[in-house]
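The structure appears right after this line, and notes come after that.
The values are calculated or read from the model by the stated rules, or taken from the named source; none is laboratory data. Every value quoted in this text rests on a predicted model; they were computed, and no experiment measured them. Here the Cβ positions follow ideal geometry from the backbone for every residue, glycine too, while neighbour counts run over all protein chains shown.
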Amino acid sequence: MRTLRIAVSCFFITTLFPLFSFAQEPITLNFMARWKGEHKRADLVREVVREFEFLHPGIKVNMRFFEDLGFTGESDVAENTARMIKEGKTDWDIVLFNTGQYFRVGEVLGDPQWVKEYLVDFSDFPWFKATQKEVIFSDPNYKRESGDIFVGPYIEGFYCMLWYNKAVADTIGIKIREYGMTGRDLIEYVKAVYEYNKKHATKIGAFYEAHDWRSIEYLFQNMFKSEVGDLNELNSEEFTDAKQAALLKTLQFFEELAAYQPLIGSYDKNIWYDTRGLVLDDAALFFVNGSWMYSHWMNIDAKKTMKMFPAELPVFKSVDFCMGSYTPQFAVMKNSPHKAAAIEFLKFWSQPKIAEKWVLYTKCPTGLKGHFTTSDSADDQFEKFQAKMNEKYKDNFHFKDNAGFILGHKNRLLKSFLNEMMIDVLSGKRKAQEAYDEIIKRLEK
């Protein structure tokens, strides 16, 4: 009888205790999210949160888009992350992270290796290696670009490109070369906009630009990279003779563009988020940015978005790599009070079905394994571009969000300064040689 009572007691403990634990107050996981106002990207975030909560009844996800927290952009978010680190408190278990955040937080803290001390490293989780594309581990740049650790799943993939408004191109009377564009091609397009404006008393910008995100840096970087040509040298983070020559040549290229007043007139006043739709209203021909712009524009005006066409960034000479990458978007703070739940949440993001939704919703690639791609069917210009780029380059990406690959390792944090020199040349405020000399003066040897 005593044995029976012990057995019954064990049954209640092992069978019913989990039910009692579920009845307890659920923990609240604070998740700072991105992609508000980005069409189906925002839908995907909400879908993931709902399904995760359903399958994990002991966890309540307090999901807030960073814009709803009063942050106006990536710089504000970085300042907040740096503040949490300085104060030793964690308002958010899961924070935003990409190469831009890595750079910006490092700039505020004065420590480019801050992630090792403050973010969870996913390297040792078997599920992590099983769910990410092999290139994430075979290409050392991915780990290097997040402070030599893996901070979370590589949800987002992207290409940097030269978006163009086909309606504007047709009005001006030019046909844009979508693949294999050269620097000379681009100069001719910009010149055509300038001459059209003079003839018709219009003010169409050749390039959209904003003062809080100098996205035309992608054009500058791609021209520079194509002149260097060698991926090994680009990855070395040494300021070699070849890089010095390429830097000056790229600045001179921007000076040549400057002769045709290429920037939209409001370039130094535009707030990027508020004005990213100007190109949809035919205010500019080109918008240098990533493939993520599809989601932004679809949220603004789906019909006008169909005027936008992707083109490869131009080059001085042909290369076998393109500017793009796979990037993590979320990371877990080491001092998170709910670290295990936060890790489980990012594991949930890494499923093949999430990867499939990502590609379907965003028309961008992903670093997660096990997805089909809508580019296989290539129904529109966005999918056709993705299919062509995948065929041409596979996963042979090069993307750096700091100045180290141009100016050397000790000068990684000079990106903002380099961007302003670049804009000064493009706007005609400085000559190429003057900007080059200013850059050289600033370098730490």
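The criterion of at least 1 residues that are more than 20 Å from the chain's Cα centre (by Cα) is met by the following helices (runs of 4 or more DSSP H) wholly inside the stretch 65-161: 74-87, 99-109, 114-118, 126-131, 135-138. Of all positions in the stretch 173-181, none carries a residue that is surrounded by 22 or more Cβ atoms within 10 Å (Cβ to Cβ) and either over 21 Å from GLY324 (Cβ atoms) or charged (D, E, K, R) (or both). For the stretch 265-279, the candidate set comprises residues that are surrounded by fewer than 21 Cβ atoms within 10 Å (Cβ to Cβ), assigned to a helix (DSSP H, G or I) and not aromatic (Phe, Trp, Tyr); within that set, the residue that is modelled with the lowest pLDDT is ASP274.
Let's see how each residue does on (1) at pLDDT 90 or above; (2) assigned by TED's automatic domain parsing to the domain that holds ASN270; (3) in contact with a strand residue (DSSP E or B) (Cβ under 7 Å, 6 or more places away or on another chain):
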site	(1), (2), (3)
ALA387	no, no, no
TYR393	yes, no, yes
ASN402	no, yes, no
GLY408	yes, yes, no
LEU413	no, yes, no
PHE417	yes, yes, no
ILE423	yes, yes, no
ALA435	yes, yes, no
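The single residue among ALA302, ALA245 that is assigned by TED's automatic domain parsing to the domain that holds TYR208, surrounded by fewer than 17 Cβ atoms within 10 Å (Cβ to Cβ), farther than 30 Å from ILE440 by Cβ and modelled with pLDDT of 95 or more turns out to be ALA302.
The single condition among (1) farther than 23 Å from TRP213 by Cβ; (2) surrounded by 14 or more Cβ atoms within 10 Å (Cβ to Cβ) that PRO57 does not satisfy is (2).
With respect to the stated conditions, GLU53 fails to be modelled with pLDDT under 95 and charged (D, E, K, R). Just one residue in the set ARG50, ARG46 is over 21 Å from the mean Cα position of the chain (by Cα), within 28 Å of LYS369 (Cβ to Cβ) and either part of a helix (DSSP H, G or I) or without any contact (Cβ under 8 Å) to a residue 40 or more places away in the chain (or both); that residue is ARG50. Looking at PRO126, is it closer than 25 Å to GLU233 by Cα, surrounded by fewer than 22 Cβ atoms within 10 Å (Cβ to Cβ) and outside the structural domain of GLU178 (by TED's automatic domain parsing)? Considered against the rule, which asks whether it is closer than 25 Å to GLU233 by Cα, surrounded by fewer than 22 Cβ atoms within 10 Å (Cβ to Cβ) and outside the structural domain of GLU178 (by TED's automatic domain parsing), PRO126 comes out as no. Selection within the stretch 305-348: residues that are in contact with a strand residue (DSSP E or B) (Cβ under 9 Å, 6 or more places away or on another chain) and in a helix (DSSP H, G or I). The member of this set that is surrounded by the fewest Cβ atoms within 10 Å (Cβ to Cβ) is GLU344.
Scanning the stretch 143-173 for residues that are within 25 Å of PHE287 (Cα to Cα), touching an Asp or Glu at 6+ places or on another chain (Cβ under 8 Å) and not hydroxyl-bearing (Ser, Thr, Tyr) yields MET161, LEU162, ASN165, ALA167, VAL168. Which count do you get for residues in the stretch 69-78 that are over 16 Å from GLN329 (Cα atoms) and either among the aliphatic types (A, V, I, L, M) or modelled with pLDDT of 95 or more (or both)? Here the count works out to 1.
Filtering the stretch 230-264 to residues that are of a type in the set (Asp, Glu) and either assigned to a loop (DSSP other than H, G, I, E, B) or touching a Lys or Arg at 6+ places or on another chain (Cβ under 9 Å) (or both) leaves ASP230, GLU233, GLU237, GLU238, GLU255. PHE382 fulfils the conditions (1) among the hydrophobic types (A, V, I, L, M, F, W, C); (2) surrounded by 19 or more Cβ atoms within 10 Å (Cβ to Cβ); (3) in the same structural domain as GLN132 (by TED's automatic domain parsing) except for a single criterion, (3).
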